[in-house]
Amino acid sequence: MIEARDLTKRYGSKTAVDDLTFSVQPGVVTGFLGPNGAGKSTTMRMAIGLDRPTKGTITVNGRAYREFSAPLCEVGVLLEAKAVHTGRSAFKHLLAVAQTQGIPRRRVDEVLGLVGLSEVAGKRVGGFSLGMGQRLGIASAMLGDPGVLILDEPVNGLDPEGIRWIRTLLQTLAREGRTIFVSSHLMSEMALTATHLIVVGRGKLIANTSVEDFIRSASGDLVHVRSPQASRLAEVLDRENAKTTLTGLDMLAVNGLTAQRIGDLAFAAGIPLHELTPRQVSLEDAFMDITRDAVEYNHGQPPQQQPHVPAAAAGGAGDAVGAGATTARGQR
Amino acid sequence: MTTTPLGAGAAGQAVGSPVPVPARRPAAFHQTAKVTMGRVLRSEWTKLTSLRSTMWTLLAAFVVTIGFGCLIPAITVSEWHNADAQERATDFTEPVMTSLVGGYFSQIAIGVLGVLLITGEYSTGMIRTSLGAVPHRLPVLFGKAAVFGVASFVLSFISILIAFFCGQAILHQIGLGVSIGDPHVIRVLLGGAFFVTSIGLLGLVLGSLIRSTGGSIAALLGLIFVVPIITGLLPGSWGDIHKFVPDGAGEALVTVVRDSDDVMTPFGGLVVLLLWLVVGLGFAAYSLVRRDA
């Protein structure tokens, strides 16, 4: 289990991680999601003691990383940037790392086999492809057979086969009872790999929820309705506490009611319908919406003061996603 | 988490997966795994010997020391035959130093290697792996310094010894050669090896403090070549500063017969060099622990 409490990191006047509090449970893959520059890597670096928090703590299994007498056997780490000397062979690299805490030589061969690098174990890392480098990083993380894995963007640079391999590996490792904390800026990838999600933007916690809830709340129950009497229909639906947005002369985006219920209400009010379509918001859209205000560089737009979604509450985050989705649709 | 006990809370967290999470069996080596200084030393030894560039640099230092240790005596011998009696009396007075000049080249090689040992880790990101494995950090620095220090001292001493024997054998043709048993000779040979090692360790210190390869090498070359030129030009008693810079202290170690107060006693030189190393490593240690990696 990984626990962050009031975790804050400032570099001069810039706040990279802003008062994060969350916990990562064992047994499932937890995705750490956010746009580039959201503070994911900094958080992970603080978890393994490379960076010192300005405020707050982050612990693994209740202890600060520095307190472990054999840290590699507790926490396995893959950092985003390659953390390997390019002049050394894969085997010697892993051996040198293993030797610091008496991990046996045969374990080095074992992890090389696990990631499929046995054949190139004697080759210098400098000649490795991005994908091979990532595999070596995974091997290094698995060296101590740790119960907690912290992986920063592990699918970066992998081909589709490699991505599927990592996905299966992480899920298998989680099923073994390990804590798996994986960062990514790709929502779609996380939807396939992770069970739980911690979403950050500009260093702040945006959502802490299960992937299922995240998807459900992201899609909401947005229904696209076409009717010659759209504004009258909107009044009817508003009385039922639905959120309606007029998206065209005869078009409505309705949030908060099922398509079935909208159809029934329209029939009861005698309003003809020309179209009634439940809309699935794509995960990428949902992610863009939820993190839009949190993206560090807004492509020329001045950063806006974003109204913050109450963190840690799946329901609360869901409402915000729904609202955002409605707006997004309205602009089309 | 060596045992991964899973409470109900963890199982409840597994949204959408009704399969209960099994308890994981930790690997057998977990029982003996622990970071120790001895193990970090082994790891640093593996790191030192597994880089091709490092091995080439060490080999180059070794070969150059011996090569010049033979070349300069050979030149000396041929010049001797052309010299008149007066020149022979004044210009051929340093038979030991004649076979040790290769040390000046090897101090560059070893010094730059000291820099690269640590800046190479920063530039490739390896330092994050190293410090992640040894979160207390200091064993990494001290382990590196110890392994590199011992390796470069042993290599330097062997090469200096070979250079000495070859050089003196050549000088024997004209009756100038000295023997290893002569006064001060063993001290000078050991002192030369220690001086080269010290430059290597100062490189390691500068690399730890500056972290960039280019900057560290520039600083090191400045310290061992430019600073002595400046201190050598200082007037009057200011010139004494020269005795306290690494180059001046090294000079004290390798001076066979001390005939003026411009150099310190060999023991004084040793103390000065050791002070440089202790203070330097102290700064490097402080910086390593305090700064983010």
Next item on the list: Please give the average number of partner chain Cβ atoms lying within 10 Å of the Cβ of each residue in A:15-26, rounded to a whole number.
Entry: 2
Next item on the list: Stick to Cα atoms and the Kirkwood definition of Rh, then tell me Rg/Rh for the range A:79-167.
Entry: 0.93
Note to self: Could you give each residue of the range B:32-46 its phi-based ³J(HN,Hα) in whole Hz, using Karplus coefficients 6.51, -1.76, 1.60 with θ = phi - 60°, and x for Gly or Pro?
What the structure shows: 9, 5, 5, 6, 10, 4, x, 5, 5, 4, 4, 4, 5, 5, 4
Margin query: Give me the summed buried accessible area for the B-A pair, 1.4 Å probe, to the nearest 100 Å².
Written below: 4400
Checklist line | Mean-position separation - Cα centroids, the range B:79-107 and the range B:197-220, in angstrom | finding: 32
Checklist line | Carbon + sulfur, % of accessible area of the protein assembly as shown - ligands and nucleic acids excluded, 1.4 Å | finding: 61
Check: Does the range A:163-275 classify as rounded, prolate or oblate by the C-alpha gyration tensor (a ≥ b ≥ c root eigenvalues; a/c under 1.5 gives rounded; else a/b over b/c gives prolate, otherwise oblate)?
Finding: prolate
Next item on the list: Please list, in chain and number order, the residues 5+ apart from A:ASP145 or on another chain whose amide H is under 5 Å from its amide H, with Hs placed from the backbone.
Entry: none
Next item on the list: Please state, rounded to one decimal and in Å, the Kirkwood hydrodynamic radius that chain B gives when every pair of distinct Cα atoms enters the mean of 1/r.
Entry: 21.9
Next item on the list: Evaluate the distance, in nm, between pseudo-label points positioned 7 Å from the Cα of A:ALA269 and of B:SER78 along their respective Cα→Cβ axes.
Entry: 10.8
Checklist line | At most 10 other Cβ within 10 Å, DSSP loop - chymotrypsin sites (Phe, Trp or Tyr not before Pro), the range A:80-174 | finding: none
Margin query: Taking the square root of 5 times each eigenvalue of the Cα gyration tensor, what semi-axes in Å does the equivalent ellipsoid of the range A:158-226 have, largest first?
Written below: 25, 16, 13
Next item on the list: Could you tell me which of the pairs A:LYS55/B:LYS34; B:LYS34/B:LYS144; A:LYS40/A:LYS123; A:LYS9/B:LYS34 are separated by over 21 angstrom between their Cα atoms in the structure shown?
Entry: A:LYS55/B:LYS34; A:LYS40/A:LYS123; A:LYS9/B:LYS34
Next item on the list: State, to one decimal in nm, how far the label point of A:SER231 lies from the label point of A:SER118, with both points 7 Å from Cα in the Cβ direction.
Entry: 7.4
Next item on the list: List, largest first, the extents of the alpha carbons of the range A:225-283 along their principal axes, each in whole Å.
Entry: 36, 22, 16
Item checked: Inter-label distance, nm, simple model (7 Å from Cα along the C-beta direction), B:TYR286/A:ARG261 -> 6.8
Notebook entry, point to check: Can you list the HN-Hα couplings for the range A:36-46, worked out from phi with the Karplus curve (6.51, -1.76, 1.60; θ = phi - 60°), rounded to whole Hz and with x for Gly and Pro?
Noted result: 4, x, 7, x, 5, 5, 4, 4, 5, 5, 5
Margin query: With equal scatterers on the alpha carbons only and no solvent term, can you work out the Debye log10 of I(q)/I(0) for the range B:61-142 at 0.15, 0.20, 0.26 1/Å?
Written below: -0.68, -0.89, -1.12
Check: For the range B:133-263, what value does the Rg/Rh ratio take when both radii are computed over Cα atoms and Rh is the Kirkwood radius, given to two decimals?
Finding: 1.05
Next item on the list: State the Cα centre-to-centre distance between the range B:36-55 and the range A:166-208 in whole Å.
Entry: 36
Next item on the list: Evaluate E = 1/(1 + (r/R0)^6) for A:ASP159 and B:LEU275, where r is the Cβ-Cβ distance and R0 equals 60 Å; express this FRET efficiency to the nearest 0.05.
Entry: 0.60
Next item on the list: Work the Kirkwood hydrodynamic radius out for the protein assembly as shown: mean of 1/r over every pair of different alpha-carbon atoms, inverted, in Å.
Entry: 28.7
Check: If all Cα-Cα distances of the range B:98-200 are sorted into 10 Å bins from 0 onward, what percent lands in each bin, rounded to whole numbers?
Finding: 14, 36, 24, 15, 8, 3
Next item on the list: Could you tell me what fraction of 2.2 N^0.38 Å the Cα radius of gyration of the range B:103-155 comes to, as a two-decimal ratio?
Entry: 1.25
Item checked: For q = 0.12, 0.18, 0.22, 0.24 Å⁻¹, Debye-computed log10 I/I(0) when each Cα of the range A:28-114 counts as one equal scatterer -> -0.48, -1.00, -1.24, -1.30
Next item on the list: Search the structure for amide H atoms under 5 Å from the amide H of A:ASP18, placed 1.01 Å from N in the peptide plane, and list their residues when 5 or more places away or on another chain.
Entry: A:LYS9, A:LYS204
Check: Can you list the trypsin sites (Lys or Arg not before Pro) in the range B:194-273 that are in a DSSP coil and have 16 or fewer other beta carbons within 10 angstrom?
Finding: B:ARG258
Check: When each pair of different Cα atoms in the range A:7-52 is counted once in the 1/r mean, what is the Kirkwood radius in angstroms, to one decimal?
Finding: 11.6
Checklist line | Where the range A:63-157 is the region considered: accessible area per residue in Å², 1.4 Å probe | finding: 32
Check: What accessible area, in Å² to the nearest ten, does a 1.4 Å probe give for B:VAL63?
Finding: 90
Item checked: Largest-first principal axis extents of the Cα set of the range A:100-228 (Å) -> 73, 28, 28
Check: By how many nm would the segment from B:GLU94 to B:ASP240 grow when fully extended, if each residue of separation counts as 0.36 nm and the alpha-carbon distance is taken off?
Finding: 50.2 nm
Check: Each residue of the range A:136-141 in turn: what ³J(HN,Hα) in whole Hz from Karplus with 6.51, -1.76, 1.60 and θ = phi - 60°, glycine and Pro shown as x?
Finding: 5, x, 5, 4, 5, 5
Check: Out of residues 5 or more away from A:LEU78 or on other chains, whose amide H comes under 5 Å of its own, with H placed 1.01 Å from N in the peptide plane?
Finding: A:ILE150, A:LEU151, A:ASP152
Next item on the list: For B:ALA28 and B:LEU138, compute 0.36 nm times the residue count separating them, minus their Cα-Cα distance, and round to one decimal in nm.
Entry: 36.8 nm
Notebook entry, point to check: To the nearest 0.05, what FRET efficiency results for B:VAL63 and B:ARG187 with a Förster distance of 22 Å applied to their C-beta separation?
Noted result: 0.30
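The values are calculated or read from the model by the stated rules, or taken from the named source; none is laboratory data. Since this is a predicted model, take the numbers as computed values, not measurements. Positions of Cβ are backbone-derived with ideal geometry, glycine not excepted, and every protein chain shown enters the neighbour counts. All accessible areas refer to the heavy atoms of the entire protein, side chains included, with ligands and DNA or RNA removed. Shrake-Rupley method; radii C 1.70, N 1.55, O 1.52, S 1.80 Å.
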